[in-house]
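We did not get these values from a lab; they are worked out from the coordinates using the rules stated. All of these numbers come straight from a predicted model, not from anything done at the bench. Positions of Cβ are generated from backbone atoms using ideal geometry, with glycine treated the same way; all protein chains shown enter the neighbour counts.
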Amino acid sequence: MSASGGTKAIVAALVANLAIAASKFVAFLFSGSSSMLAESVHSLADSGNQGLLLLGGKKAQREATPQHPFGYGRERYIYAFLVSIVLFSVGGMFAIYEGYEKIKHPHEIEAWYWPVGVLIFAIIAETFSFRTAIKESNQIRGTLSWKEFVRRAKAPELPVVLLEDLGALVGLILALVGVSLALVTGDGVWDGIGTLCIGVLLIAIAIVLAAETKSLLLGEAAGVDEVRKIEEALVDNNTVTGIIHMRTLHLGPEELLVAAKIAVHHGDTATEIAAAIDAAEDRIRTAVPIARVIYLEPDIYSEAKTGTPS
């Protein structure tokens, strides 16, 4: 992922959410709409989430230390996982609680033009933020579908912002429907139902984000294309005749570890093998620039040694 592209999408979402949160809270104060209160808390939580993503990106740039020899690239995964927790607890659970209270104790919405006007403004602002996230994602998405992009992306920022913005837009529409029905029918229960729907939506998005970032935290291999390029770069059909087995692991979104046992000829000298390993590492880094940590072990090929590392 382009770090600048991810940062641009995060900043756009942060600016939009801060403005929307303030306007929604003002609308709640004037109208008493629970949908507006839930949405203002949702936007405030989203603003905090964007702050967490920016903080994670900053911390991930620290240099490796003896205690953390592979660096801090996974900080970005940790902070993305925290985003899913905040979205679930602060956004989703609060909205469900507020919706339940409004259904249990409904009251008529006052000064209807405040929530309606703010919702229309918020939809416009969120559309701008969502459009920025889509534009930045399209630069690296390639031929992947949106579902595949969210599931396969090794950099968490853009998928997180995309899902947050999508949830925000759908939530705003639900809030607008709930407020409109409450105004038309004169029954505040509809406002509460809209708030409940917002809560369910946010929890569903939080679960998806948690599942995807959990996978990244556990450690994911390189993508199919990267693995193919590494395999092609490794074998020179001269000294390196084949790959006995290979493992890859993302140390961070833009840093890949490659460990492989490679087949060499029985009669090759240590000098020839060392030179072949150096050349193979150069070819790998040229083919896949994010392959920054490479460990190659020479061995004599046999069927028994393929598969599980030893």
- [ ] Please work out the FRET efficiency for the pair Ile207 and Ile300, using the Cβ-Cβ distance as r and a Förster radius of 45 Å; give the result to the nearest 0.05.
- [x] 0.40
Task: Set of region 140-175 residues, backbone N closer than 15 Å to the point 7 Å along the Cα-Cβ line of Ile290 - done: 140-144, 149-160
TODO: Determine the distance separating the Cα centre of region 90-107 from the Cα centre of region 151-221; give it in Å without decimals.
DONE: 16 Å
- [ ] Springs between alpha-carbon atoms under 10 Å, Gaussian network over the chain: tell me which of Tyr113, Tyr77, Tyr100 tops the mean-square fluctuations.
- [x] Tyr113
TODO: Could you work out how far the C-alpha centroid of region 69-85 sits from that of region 236-276, in angstrom?
DONE: 29 Å
- [ ] Distance check, please: which entries in Lys229/Lys261; Lys24/Lys147; Lys8/Lys135 exceed 19 angstrom between their Cα atoms?
- [x] Lys24/Lys147
- [ ] Would you mind ranking Met93, Met36, Met246 so that the residue whose beta carbon has the fewest other beta carbons within 10 Å leads the list?
- [x] Met93, Met246, Met36
Task: Within the chain, helix-based [θ] at 222 nm, where runs of 4 or more DSSP H residues each add -39,500 (n - 2.57), nearest 500 - done: -22500 deg cm²/dmol
Task: Sequence-separation-based contact order of the chain, relative, with Cα cut under 8 Å and 6+ spacing, percent - done: 20 percent
- [ ] Take the chain, connect every pair of alpha-carbon atoms lying under 10 Å apart with a spring to form a Gaussian network, then pick out the residue of Lys102, Lys135, Lys24 with the largest mean-square fluctuation.
- [x] Lys135
Open item on the list: If you restrict to DSSP beta bridges whose two residues both lie in the chain, what percentage is antiparallel, to the nearest 5?
Closed with: 55 percent
Task: Val86-His245 pseudo-label distance in nm [points 7 Å out on the Cα-to-Cβ vector] - done: 4.1 nm
Open item on the list: Within a 10 angstrom radius of the beta carbon, how do Thr185, Thr239 rank from fewest other beta carbons to most?
Closed with: Thr185, Thr239
Task: Translational D in µm²/s for region 93-181 (Stokes-Einstein at 10 °C, 1.306 mPa s, Kirkwood Rh from C-alpha pairs) - done: 105 µm²/s
TODO: Please work out whether the chain counts as rounded, prolate or oblate from its C-alpha gyration tensor, where a ≥ b ≥ c are the square roots of the eigenvalues and a/c under 1.5 means rounded, while otherwise a/b larger than b/c means prolate and anything else oblate?
DONE: prolate
Open item on the list: Suppose we keep just the DSSP beta bridges with both residues in region 224-305; what percent of those would be antiparallel, to 5?
Closed with: 55 percent
Open item on the list: Can you tell me which of Thr286, Thr143, Thr213 moves the most in a GNM of the chain? Springs connect C-alpha atoms under 10 Å apart.
Closed with: Thr143
- [ ] Note the full-extension length gain between Ala19 and Thr7 as 0.36 nm times their separation in residues minus their Cα-Cα distance, in nm to one decimal.
- [x] 2.5 nm
Task: Net lengthening on full extension, Thr185/Asn237 (0.36 nm per residue, minus Cα-Cα) - done: 11.0 nm
Open item on the list: Suppose R0 equals 35 Å. What FRET efficiency, 1/(1 + (r/R0)^6) with r the Cβ-Cβ distance, do Val200 and Thr127 give to the nearest 0.05?
Closed with: 0.95
